[in-house]
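Below is one structure; the comments refer to it alone.
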Amino acid sequence: MAERKIDQDVMALIADILEMEPGKIDPNAHLVEDLGMDSMMALEILAGIEKRFKIKVPEQDLPMITSVNRAIELTKKYVK
Amino acid sequence: MTQTIALLRPAVPPMLKDRVILITGGSRGIGRAIVEAICAAGGRAAFTYQSRKADAEQVVRQVSGEGGGALAIQADIRDFKRTQAVVAETIEQFGRLDGLVNNAGITRDKALMMMSPEDWQEVLDTNLTGTFNACRAAIVTFMKQKAGRIVNITSVAGLMGAERQVNYAASKAGIIGLTRSLAKEVAGYGITVNAIAPGYIETGMTASLDAKRLEAARTQIPVGRFGRAGEVGSLAAYLLSGAAGYITGQAVVIDGGLTL
(Lines give C-alpha, C1' and ligand atoms only; values in the text may rest on other atoms or scores of the structure.)
Protein backbone atom coordinates (compact mmCIF):
# COMPACT_ATOMS: atom_id res chain seq x y z
CA MET A 1 0.00 0.00 0.00
CA ALA A 2 1.26 3.46 -0.90
CA GLU A 3 2.73 5.30 2.08
CA ARG A 4 0.86 8.48 1.16
CA LYS A 5 -2.45 6.61 1.19
CA ILE A 6 -1.70 5.29 4.70
CA ASP A 7 -0.92 8.83 5.87
CA GLN A 8 -4.22 10.13 4.48
CA ASP A 9 -6.33 7.25 5.74
CA VAL A 10 -4.95 7.35 9.30
CA MET A 11 -5.43 11.12 9.42
CA ALA A 12 -9.02 10.77 8.17
CA LEU A 13 -9.75 8.03 10.67
CA ILE A 14 -8.41 10.02 13.63
CA ALA A 15 -10.16 13.21 12.48
CA ASP A 16 -13.41 11.28 12.30
CA ILE A 17 -13.03 9.92 15.86
CA LEU A 18 -12.02 13.33 17.24
CA GLU A 19 -14.81 14.94 15.22
CA MET A 20 -12.42 17.47 13.64
CA GLU A 21 -11.56 18.56 10.12
CA PRO A 22 -8.48 16.61 8.89
CA GLY A 23 -6.91 19.82 7.61
CA LYS A 24 -7.11 21.40 11.05
CA ILE A 25 -5.12 18.70 12.85
CA ASP A 26 -1.39 19.20 13.30
CA PRO A 27 0.05 15.71 12.67
CA ASN A 28 2.55 16.26 15.47
CA ALA A 29 0.04 17.60 17.99
CA HIS A 30 -0.33 15.50 21.12
CA LEU A 31 -3.64 13.71 20.84
CA VAL A 32 -4.35 13.78 24.59
CA GLU A 33 -2.80 17.07 25.69
CA ASP A 34 -3.56 19.17 22.61
CA LEU A 35 -6.59 17.53 21.05
CA GLY A 36 -8.47 16.16 24.07
CA MET A 37 -8.34 12.48 23.16
CA ASP A 38 -9.25 10.04 25.97
CA SER A 39 -8.20 6.41 26.40
CA MET A 40 -11.46 5.18 24.88
CA MET A 41 -10.77 7.22 21.73
CA ALA A 42 -7.25 5.76 21.57
CA LEU A 43 -8.79 2.31 21.52
CA GLU A 44 -11.23 3.35 18.81
CA ILE A 45 -8.30 4.59 16.74
CA LEU A 46 -6.49 1.29 17.26
CA ALA A 47 -9.59 -0.72 16.34
CA GLY A 48 -10.19 1.55 13.33
CA ILE A 49 -6.63 1.08 12.08
CA GLU A 50 -6.91 -2.70 12.47
CA LYS A 51 -10.18 -2.77 10.54
CA ARG A 52 -9.15 -0.35 7.80
CA PHE A 53 -5.78 -1.97 7.06
CA LYS A 54 -6.72 -5.54 8.03
CA ILE A 55 -3.83 -5.79 10.47
CA LYS A 56 -3.43 -6.83 14.08
CA VAL A 57 -1.80 -4.27 16.39
CA PRO A 58 -0.74 -5.65 19.78
CA GLU A 59 -2.46 -4.12 22.79
CA GLN A 60 0.94 -3.11 24.22
CA ASP A 61 1.35 -0.65 21.34
CA LEU A 62 -1.71 1.32 22.43
CA PRO A 63 0.31 3.89 24.44
CA MET A 64 2.31 4.64 21.28
CA ILE A 65 -0.67 6.40 19.74
CA THR A 66 0.22 9.88 20.97
CA SER A 67 -0.04 11.86 17.72
CA VAL A 68 -1.26 11.38 14.17
CA ASN A 69 2.31 10.88 13.01
CA ARG A 70 2.97 8.24 15.70
CA ALA A 71 -0.24 6.45 14.69
CA ILE A 72 0.90 6.51 11.04
CA GLU A 73 4.30 5.17 12.09
CA LEU A 74 2.65 2.36 14.04
CA THR A 75 0.37 1.47 11.13
CA LYS A 76 3.29 1.29 8.70
CA LYS A 77 5.09 -1.06 11.06
CA TYR A 78 2.36 -3.67 10.62
CA VAL A 79 1.13 -3.06 7.05
CA LYS A 80 3.01 -5.29 4.64
CA MET B 1 -45.58 -38.37 17.24
CA THR B 2 -45.86 -34.67 18.00
CA GLN B 3 -45.46 -35.52 21.65
CA THR B 4 -42.27 -37.52 20.94
CA ILE B 5 -40.75 -34.61 19.00
CA ALA B 6 -41.61 -32.25 21.84
CA LEU B 7 -39.87 -34.56 24.29
CA LEU B 8 -36.74 -34.73 22.12
CA ARG B 9 -36.53 -30.96 21.91
CA PRO B 10 -34.05 -29.54 24.42
CA ALA B 11 -35.77 -27.91 27.37
CA VAL B 12 -33.34 -24.97 27.35
CA PRO B 13 -32.80 -23.06 24.11
CA PRO B 14 -29.11 -22.83 23.17
CA MET B 15 -28.77 -19.24 24.31
CA LEU B 16 -24.98 -19.37 24.16
CA LYS B 17 -24.66 -21.11 20.80
CA ASP B 18 -21.08 -20.74 19.51
CA ARG B 19 -20.20 -18.23 22.23
CA VAL B 20 -16.80 -18.63 23.83
CA ILE B 21 -16.60 -17.97 27.55
CA LEU B 22 -13.55 -17.99 29.81
CA ILE B 23 -14.17 -19.06 33.41
CA THR B 24 -11.58 -18.77 36.16
CA GLY B 25 -11.61 -21.63 38.63
CA GLY B 26 -13.75 -24.11 36.71
CA SER B 27 -12.66 -27.49 38.00
CA ARG B 28 -15.11 -27.75 40.91
CA GLY B 29 -17.95 -26.16 42.83
CA ILE B 30 -19.80 -23.20 41.34
CA GLY B 31 -17.18 -22.71 38.61
CA ARG B 32 -17.66 -26.26 37.39
CA ALA B 33 -21.45 -25.81 37.37
CA ILE B 34 -20.99 -22.64 35.29
CA VAL B 35 -18.82 -24.52 32.77
CA GLU B 36 -21.52 -27.21 32.55
CA ALA B 37 -24.32 -24.64 32.13
CA ILE B 38 -22.42 -22.81 29.37
CA CYS B 39 -21.82 -26.01 27.42
CA ALA B 40 -25.43 -27.15 27.96
CA ALA B 41 -26.52 -23.80 26.48
CA GLY B 42 -24.47 -24.49 23.32
CA GLY B 43 -21.38 -22.47 24.26
CA ARG B 44 -17.71 -23.30 24.42
CA ALA B 45 -15.89 -22.93 27.71
CA ALA B 46 -12.22 -22.37 28.48
CA PHE B 47 -11.59 -22.60 32.19
CA THR B 48 -8.62 -22.26 34.47
CA TYR B 49 -7.67 -24.51 37.34
CA GLN B 50 -4.77 -24.10 39.71
CA SER B 51 -3.80 -27.57 40.88
CA ARG B 52 -6.64 -30.06 40.43
CA LYS B 53 -5.66 -31.42 37.04
CA ALA B 54 -7.63 -34.66 37.38
CA ASP B 55 -10.80 -32.76 38.32
CA ALA B 56 -10.28 -30.36 35.41
CA GLU B 57 -9.81 -33.23 32.95
CA GLN B 58 -12.95 -34.88 34.24
CA VAL B 59 -14.95 -31.68 33.60
CA VAL B 60 -13.59 -31.52 30.03
CA ARG B 61 -14.60 -35.17 29.45
CA GLN B 62 -18.01 -34.66 30.98
CA VAL B 63 -18.97 -31.72 28.74
CA SER B 64 -17.24 -32.99 25.60
CA GLY B 65 -20.54 -34.01 23.98
CA GLU B 66 -22.26 -30.72 24.70
CA GLY B 67 -21.99 -27.31 23.06
CA GLY B 68 -18.56 -26.75 21.65
CA GLY B 69 -16.79 -28.52 24.48
CA ALA B 70 -14.34 -27.21 27.03
CA LEU B 71 -10.66 -26.46 27.38
CA ALA B 72 -8.84 -26.64 30.73
CA ILE B 73 -5.87 -24.32 31.28
CA GLN B 74 -3.61 -24.52 34.32
CA ALA B 75 -3.02 -21.00 35.61
CA ASP B 76 -2.64 -18.93 38.72
CA ILE B 77 -4.81 -15.87 38.13
CA ARG B 78 -2.88 -13.88 40.73
CA ASP B 79 -0.21 -13.62 38.02
CA PHE B 80 -1.27 -10.92 35.55
CA LYS B 81 1.04 -12.01 32.72
CA ARG B 82 -0.13 -15.60 33.04
CA THR B 83 -3.75 -14.42 32.97
CA GLN B 84 -3.04 -12.46 29.79
CA ALA B 85 -1.61 -15.65 28.28
CA VAL B 86 -4.78 -17.56 29.25
CA VAL B 87 -6.93 -15.02 27.37
CA ALA B 88 -4.61 -15.29 24.35
CA GLU B 89 -4.69 -19.09 24.47
CA THR B 90 -8.50 -19.12 24.61
CA ILE B 91 -8.75 -16.85 21.57
CA GLU B 92 -6.15 -18.90 19.72
CA GLN B 93 -7.92 -22.18 20.51
CA PHE B 94 -11.53 -21.10 19.91
CA GLY B 95 -11.01 -18.15 17.56
CA ARG B 96 -12.93 -15.65 19.68
CA LEU B 97 -13.88 -14.55 23.18
CA ASP B 98 -17.39 -13.42 24.06
CA GLY B 99 -17.50 -13.52 27.82
CA LEU B 100 -15.60 -13.87 31.06
CA VAL B 101 -16.66 -15.34 34.39
CA ASN B 102 -14.47 -14.46 37.35
CA ASN B 103 -15.18 -17.28 39.73
CA ALA B 104 -11.85 -18.36 41.21
CA GLY B 105 -11.93 -17.71 44.91
CA ILE B 106 -10.61 -18.96 48.21
CA THR B 107 -11.41 -18.61 51.89
CA ARG B 108 -9.15 -18.38 54.92
CA ASP B 109 -11.81 -18.03 57.61
CA LYS B 110 -10.66 -16.90 61.04
CA ALA B 111 -11.59 -14.43 63.71
CA LEU B 112 -9.78 -11.17 62.99
CA MET B 113 -7.73 -11.51 66.15
CA MET B 114 -6.34 -14.80 64.78
CA MET B 115 -6.01 -13.70 61.15
CA SER B 116 -2.47 -13.21 59.85
CA PRO B 117 -1.56 -10.60 57.24
CA GLU B 118 -0.89 -13.58 54.93
CA ASP B 119 -4.47 -14.88 55.44
CA TRP B 120 -5.71 -11.43 54.47
CA GLN B 121 -3.41 -11.00 51.48
CA GLU B 122 -3.90 -14.45 49.97
CA VAL B 123 -7.68 -14.01 49.87
CA LEU B 124 -7.47 -10.47 48.47
CA ASP B 125 -4.89 -11.50 45.87
CA THR B 126 -6.93 -14.41 44.53
CA ASN B 127 -10.45 -13.08 44.83
CA LEU B 128 -10.09 -9.38 44.06
CA THR B 129 -6.78 -8.95 42.25
CA GLY B 130 -7.49 -12.13 40.27
CA THR B 131 -10.78 -10.58 39.12
CA PHE B 132 -9.00 -7.37 38.15
CA ASN B 133 -6.32 -9.35 36.28
CA ALA B 134 -8.80 -11.27 34.15
CA CYS B 135 -10.98 -8.21 33.46
CA ARG B 136 -7.91 -6.22 32.46
CA ALA B 137 -6.62 -9.01 30.25
CA ALA B 138 -9.93 -9.39 28.36
CA ILE B 139 -11.33 -5.87 28.27
CA VAL B 140 -9.50 -4.59 25.20
CA THR B 141 -10.73 -7.57 23.19
CA PHE B 142 -14.31 -6.85 24.27
CA MET B 143 -13.97 -3.11 23.63
CA LYS B 144 -12.53 -3.65 20.17
CA GLN B 145 -15.36 -5.96 19.18
CA LYS B 146 -17.91 -3.68 20.87
CA ALA B 147 -19.42 -6.65 22.65
CA GLY B 148 -18.69 -8.68 25.74
CA ARG B 149 -20.14 -10.12 28.90
CA ILE B 150 -18.42 -10.15 32.28
CA VAL B 151 -19.89 -11.99 35.24
CA ASN B 152 -18.09 -11.75 38.58
CA ILE B 153 -18.91 -14.20 41.32
CA THR B 154 -19.20 -12.37 44.60
CA SER B 155 -21.11 -13.46 47.72
CA VAL B 156 -23.82 -12.32 50.09
CA ALA B 157 -20.89 -11.97 52.52
CA GLY B 158 -19.80 -9.02 50.38
CA LEU B 159 -23.19 -7.39 50.84
CA MET B 160 -23.97 -8.20 54.46
CA GLY B 161 -20.62 -9.08 56.01
CA ALA B 162 -19.90 -12.37 57.72
CA GLU B 163 -18.14 -13.12 60.98
CA ARG B 164 -14.73 -14.79 60.70
CA GLN B 165 -14.61 -13.68 57.06
CA VAL B 166 -13.34 -10.09 57.08
CA ASN B 167 -10.86 -10.99 54.34
CA TYR B 168 -13.36 -12.88 52.18
CA ALA B 169 -16.19 -10.36 52.71
CA ALA B 170 -13.86 -7.43 51.93
CA SER B 171 -12.68 -9.12 48.72
CA LYS B 172 -16.28 -9.84 47.68
CA ALA B 173 -17.44 -6.29 48.49
CA GLY B 174 -14.49 -5.09 46.43
CA ILE B 175 -15.68 -7.19 43.51
CA ILE B 176 -19.07 -5.47 43.67
CA GLY B 177 -17.37 -2.05 43.53
CA LEU B 178 -15.25 -3.19 40.61
CA THR B 179 -18.34 -4.56 38.85
CA ARG B 180 -20.36 -1.37 39.18
CA SER B 181 -17.47 0.89 38.17
CA LEU B 182 -16.48 -1.18 35.15
CA ALA B 183 -20.13 -1.49 34.09
CA LYS B 184 -20.37 2.30 33.89
CA GLU B 185 -17.01 2.60 32.14
CA VAL B 186 -17.68 0.15 29.30
CA ALA B 187 -21.46 0.28 28.86
CA GLY B 188 -21.01 2.34 25.69
CA TYR B 189 -18.99 -0.48 24.19
CA GLY B 190 -21.75 -3.07 24.29
CA ILE B 191 -20.18 -4.73 27.31
CA THR B 192 -22.21 -5.68 30.36
CA VAL B 193 -20.60 -6.33 33.73
CA ASN B 194 -22.60 -8.00 36.46
CA ALA B 195 -21.99 -9.85 39.68
CA ILE B 196 -23.72 -12.88 41.12
CA ALA B 197 -23.96 -12.98 44.90
CA PRO B 198 -24.76 -16.52 46.02
CA GLY B 199 -25.82 -17.33 49.55
CA TYR B 200 -25.21 -20.82 50.90
CA ILE B 201 -24.61 -23.15 47.95
CA GLU B 202 -23.83 -26.86 48.33
CA THR B 203 -20.13 -26.99 47.34
CA GLY B 204 -16.83 -28.08 48.79
CA MET B 205 -16.40 -24.56 50.16
CA THR B 206 -19.56 -24.72 52.28
CA ALA B 207 -18.86 -28.35 53.24
CA SER B 208 -15.70 -27.14 54.93
CA LEU B 209 -17.71 -24.82 57.20
CA ASP B 210 -18.58 -25.75 60.76
CA ALA B 211 -21.62 -28.13 60.84
CA LYS B 212 -23.36 -26.20 63.62
CA ARG B 213 -22.98 -22.96 61.70
CA LEU B 214 -24.35 -24.57 58.55
CA GLU B 215 -27.40 -25.92 60.35
CA ALA B 216 -28.02 -22.53 61.95
CA ALA B 217 -27.76 -20.94 58.50
CA ARG B 218 -30.22 -23.40 57.00
CA THR B 219 -32.92 -22.35 59.46
CA GLN B 220 -32.48 -18.73 58.33
CA ILE B 221 -33.10 -19.45 54.65
CA PRO B 222 -36.76 -18.81 53.77
CA VAL B 223 -36.65 -21.38 50.95
CA GLY B 224 -35.57 -23.94 53.56
CA ARG B 225 -32.56 -25.42 51.79
CA PHE B 226 -29.10 -24.59 50.48
CA GLY B 227 -28.79 -23.60 46.86
CA ARG B 228 -27.45 -25.90 44.16
CA ALA B 229 -24.39 -25.00 42.12
CA GLY B 230 -26.39 -25.68 38.95
CA GLU B 231 -28.80 -22.92 39.90
CA VAL B 232 -25.92 -20.44 39.96
CA GLY B 233 -24.70 -21.91 36.65
CA SER B 234 -28.07 -21.25 34.99
CA LEU B 235 -28.07 -17.66 36.21
CA ALA B 236 -24.55 -17.12 34.90
CA ALA B 237 -25.50 -18.59 31.50
CA TYR B 238 -28.44 -16.18 31.33
CA LEU B 239 -26.31 -13.14 32.22
CA LEU B 240 -23.77 -14.21 29.57
CA SER B 241 -26.44 -14.48 26.89
CA GLY B 242 -27.77 -11.92 24.45
CA ALA B 243 -31.06 -11.93 26.36
CA ALA B 244 -29.43 -10.11 29.28
CA GLY B 245 -28.17 -7.12 27.28
CA TYR B 246 -30.08 -4.56 29.36
CA ILE B 247 -28.77 -5.76 32.72
CA THR B 248 -25.49 -4.22 33.82
CA GLY B 249 -23.77 -3.16 37.03
CA GLN B 250 -25.97 -5.44 39.14
CA ALA B 251 -25.16 -7.80 41.97
CA VAL B 252 -27.81 -10.46 41.45
CA VAL B 253 -28.49 -12.23 44.73
CA ILE B 254 -29.24 -15.96 44.60
CA ASP B 255 -29.73 -17.02 48.20
CA GLY B 256 -33.15 -18.56 48.73
CA GLY B 257 -34.24 -15.35 50.44
CA LEU B 258 -31.46 -15.34 53.07
CA THR B 259 -30.84 -11.59 52.75
CA LEU B 260 -34.51 -10.59 52.75
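The values are calculated or read from the model by the stated rules, or taken from the named source; none is laboratory data. Because the structure is a prediction, the values reported are computed rather than measured. Glycine gets a Cβ as well: all are built from the backbone with ideal geometry, and neighbour counts include every protein chain shown. Side chains are part of the model used for accessible areas, which takes the heavy atoms of the whole protein and leaves out ligands, DNA and RNA. Shrake-Rupley method; radii C 1.70, N 1.55, O 1.52, S 1.80 Å.
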- Task: Could you list, in sequence order, all residues of region B:79-115 that are at positive phi and surrounded by 16 or more Cβ atoms within 10 Å (Cβ to Cβ)?
- Result: none
- Message: Being in contact (Cβ under 8 Å) with a residue 24 or more places away in the chain, open to solvent by 30 Å² or more (accessible area, probe 1.4 Å) and either facing chain B (nearest Cβ under 10 Å) or within 17 Å of A:Y78 (Cα to Cα) (or both) is the filter here; which residues of region A:36-52 pass it?
- Response: A:E44, A:R52
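So, in region B:151-164, exactly how many residues are part of a helix (DSSP H, G or I) and modelled with pLDDT under 95?
Of all residues in region B:151-164, those part of a helix (DSSP H, G or I) come to B:156-160.
After this cut, where a residue has to be modelled with pLDDT under 95 as well, the list is none.
Qualifying residue count for the region: 0.
I need the full set of residues from region B:70-96 which are more than 18 Å from A:Q60 (Cβ to Cβ), within 18 Å of the chain's Cα centre (by Cα) and of a type outside the set (S, T, N, Q), in order please. Can you show your working first?
Within region B:70-96, the subset more than 18 Å from A:Q60 (Cβ to Cβ) is B:70-78, B:90, B:93-96.
Checking the rest, the ones that are also within 18 Å of the chain's Cα centre (by Cα) come to B:70-78, B:90.
Of everything in region B:70-96, those that are more than 18 Å from A:Q60 (Cβ to Cβ), within 18 Å of the chain's Cα centre (by Cα) and of a type outside the set (S, T, N, Q) turn out to be B:A70, B:L71, B:A72, B:I73, B:A75, B:D76, B:I77, B:R78.
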- Task: Could you give me the residue pairs with C-beta distances under 8 Å whose first residue belongs to region B:53-64 and is closer than 9 Å to B:S27 by Cα, whose second residue is in a helix (DSSP H, G or I) wherever it lies, and which are 6+ apart or on separate chains?
- Result: B:D55/B:R32; B:V59/B:R32; B:V59/B:V35; B:V59/B:E36
- Residue check, B:T131 hydroxyl-bearing (S, T, Y) and in contact with a strand residue (DSSP E or B) (Cβ under 6 Å, 6 or more places away or on another chain): yes
- Item | Evaluation of A:I14 against (1) open to solvent by less than 30 Å² (accessible area, probe 1.4 Å); (2) within 14 Å of another protein chain (Cβ to nearest Cβ) (one fails), failing number | (2)
- Note on the structure: Among (1) surrounded by 15 or more Cβ atoms within 10 Å (Cβ to Cβ); (2) within 18 Å of B:V140 (Cα to Cα); (3) out of contact with any Phe, Trp or Tyr (no Cβ under 8 Å at 6 or more places or on another chain), A:V57 falls short only on (3)
